[in-house]
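Notes follow once the structure below has been shown.
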Amino acid sequence: MREYLLTLCITAAVTYLLTGPVRKFAIVAGAMPEIRARDVHREPTPRLGGIAMFFGLCAGLLVADHLTNLNTLFEKSNEPRALLSGAALIWLIGVLDDKFEIDALIKLGGQMIAAGVMVMQGLTILWLPIPGVGSVALTQWQGTLLTVALVVITINAVNFVDGLDGLAAGMVCIAAAAFFLYAYRIWYSYGIEAAAPATLFAAILMGMCLGFLPHNMHPARIFMGDSGSMLIGLVLAAGAISVTGQVDPDALKLFAGSEKEAVHQTVPVYIPLLLPLTIIAVPAADLILAIVRRTWRGQSPFAADRGHLHHRLLEIGHSHSRAVLIMYFWSALIAFGALTYSVNSASMWIVLSVVILSTIGLVLLLLPRFTPRAPRWAEAFVPPRYRRRRASEEADAAEGPETDVQAEEGSREPSSEDRTPVAAGVSGVNGASAVGPRARLADRSRSR
């Protein structure tokens, strides 16, 4: 555990220290998109934060290769080198897309090639555990197709959710933390070495996100861009693929029956395939809803819009920071709920806790729909919007409604209709699809 934590800290430190110089480089290189109609930030912000994250990944793998216990992982497995190869390719495509806006089909092909590079070096799904059937061995083509599909889906799910400051990095960090605890338990508690690479990938991914978050929290000083969102999506998928199909359910030796019975009875424990899907449940749901919504409107499934979950939270009335925290809450509830269930599926307390926390999450989600008023004695402890209006304030509002309206109109934030859409070939910034073309809107000037 000490070596994993050291790798995490080194990755986070390198990412954090390099993000500042990368921001200056992005400004000099002109990698600062203009504000578009669907963006939620107010000032042009540099991207290419994925450069710092990639070097953090390289530093983490380099440190792990020189540690006493983790060094054996590099000697016995080719998966770390497979991850580095695929990550370098997808990162290079993301950097070029951040700067020059690569065609959608080229990006999709690059994602498939990156997944294929990892498959060629052994990072692939070998078999699937199916309850009631046992472990089903996959052919080479079946394993390759399933691996490529999982990589592409995860990359685009992460990229779709990258729409608010700190949202994608925070959600992936939560997912990586849950997956790290699960993979470490499989590796350490049951002595299954096949889970060691996934544990290392999760630790490095946490370091990449934690090192980048201080620069990306609202108001963000830099965006990760496609070079960052596609990179962390690929690392997350690699961890899932590494442990899925690599661990024999019978190797857990929890039950003395047949392999079929072992798989069926250890489903709560043996869920390396299901857990990665649960930790990206929120991004995946956003991805599916976006495709359905755009197809229903007759648009391209990859045409960017302002209909993502985080955009809906802002429209409901949540602030930027509270919308991000709500998304964090649901990601943590799903990921750690699945993790806790895998440890002890027989406990009703786990189910009750998840239900109670889900209820709390729904209340927080709908909070702007109603404005409760605090009693007089508690007004000093609550925000102004929850305080009762004084009689003098109500009288002033009644006397000067026109002045108040004019002041409100002059001070209100510009809406999406007020903003001037500009032609911006921006990739990976604030909810843009990893494989979709950006909207090309003509410049329009407004007379004042």
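List every residue pair whose Cβ atoms lie under 8 Å apart, where the two residues are 6 or more positions apart in sequence or sit on different chains, the first residue falls within the stretch 281-292 and is farther than 15 Å from residue 155 by Cβ and modelled with pLDDT of 70 or more, and the second residue, located anywhere, is assigned to a helix (DSSP H, G or I) and not β-branched (Val, Ile, Thr).
Pairs that qualify, where the first residue is farther than 15 Å from residue 155 by Cβ and modelled with pLDDT of 70 or more and the partner is assigned to a helix (DSSP H, G or I) and not β-branched (Val, Ile, Thr), are 285/309; 289/309.
Select from the stretch 42-88 the residues that are among the hydroxyl-bearing types (Ser, Thr, Tyr) and under 20 Å from residue 187 (Cβ atoms) and list them in ascending order.
68, 72, 77
Give me the pairs, please: first residue somewhere in the stretch 62-86 and under 12 Å from residue 6 (Cα atoms) and aliphatic (A, V, I, L, M), second residue anywhere and open to solvent by less than 50 Å² (accessible area, probe 1.4 Å) and not in a helix (DSSP H, G or I), beta-carbon distance under 8 Å, and either six or more positions apart or on two chains.
Close Cβ pairs (under 8 Å, with a partner that is open to solvent by less than 50 Å² (accessible area, probe 1.4 Å) and not in a helix (DSSP H, G or I)) amount to 64/70.
When you scan the stretch 64-173 for helices (runs of 4 or more DSSP H) that lie fully inside it, which ones turn up with 1 or more residues that are in contact with a helix residue (DSSP H, G or I) (Cβ under 9 Å, 6 or more places away or on another chain), open to solvent by 40 Å² or more (accessible area, probe 1.4 Å) and closer than 25 Å to residue 291 by Cα?
79-100, 104-120, 140-160
Can you name the number of the only condition in (1) outside any helix (DSSP H, G or I); (2) at pLDDT 85 or above; (3) under 12 Å from the mean Cα position of the chain (by Cα) that residue 223 fails?
Every condition holds for residue 223 apart from (3).
So which residues in the stretch 340-369 are open to solvent by 100 Å² or more (accessible area, probe 1.4 Å) and modelled with pLDDT under 70, if there are any at all?
369
Conditions (1) of a type in the set (Ser, Thr, Tyr); (2) over 17 Å from residue 81 (Cα atoms); (3) open to solvent by less than 10 Å² (accessible area, probe 1.4 Å), marked per residue:
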position	(1), (2), (3)
192	no, yes, no
205	no, no, yes
208	no, yes, yes
214	no, yes, no
219	no, yes, no
225	no, yes, yes
230	no, yes, yes
237	no, no, yes
240	no, no, yes
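Which residues, counting only those in the stretch 325-357, are polar (S, T, N, Q) and not in a loop (DSSP other than H, G, I, E, B)?
Hits for the stretch 325-357 are 331, 340, 342, 353.
The values are calculated or read from the model by the stated rules, or taken from the named source; none is laboratory data. Just so it is clear, the model here is predicted, and its values are computed rather than measured. All Cβ positions, even for glycine, are placed from backbone atoms using ideal geometry, and neighbour counts span all protein chains on display. With ligands, DNA and RNA removed, areas are computed over all heavy atoms of the protein, side chains included. Shrake-Rupley method; radii C 1.70, N 1.55, O 1.52, S 1.80 Å.
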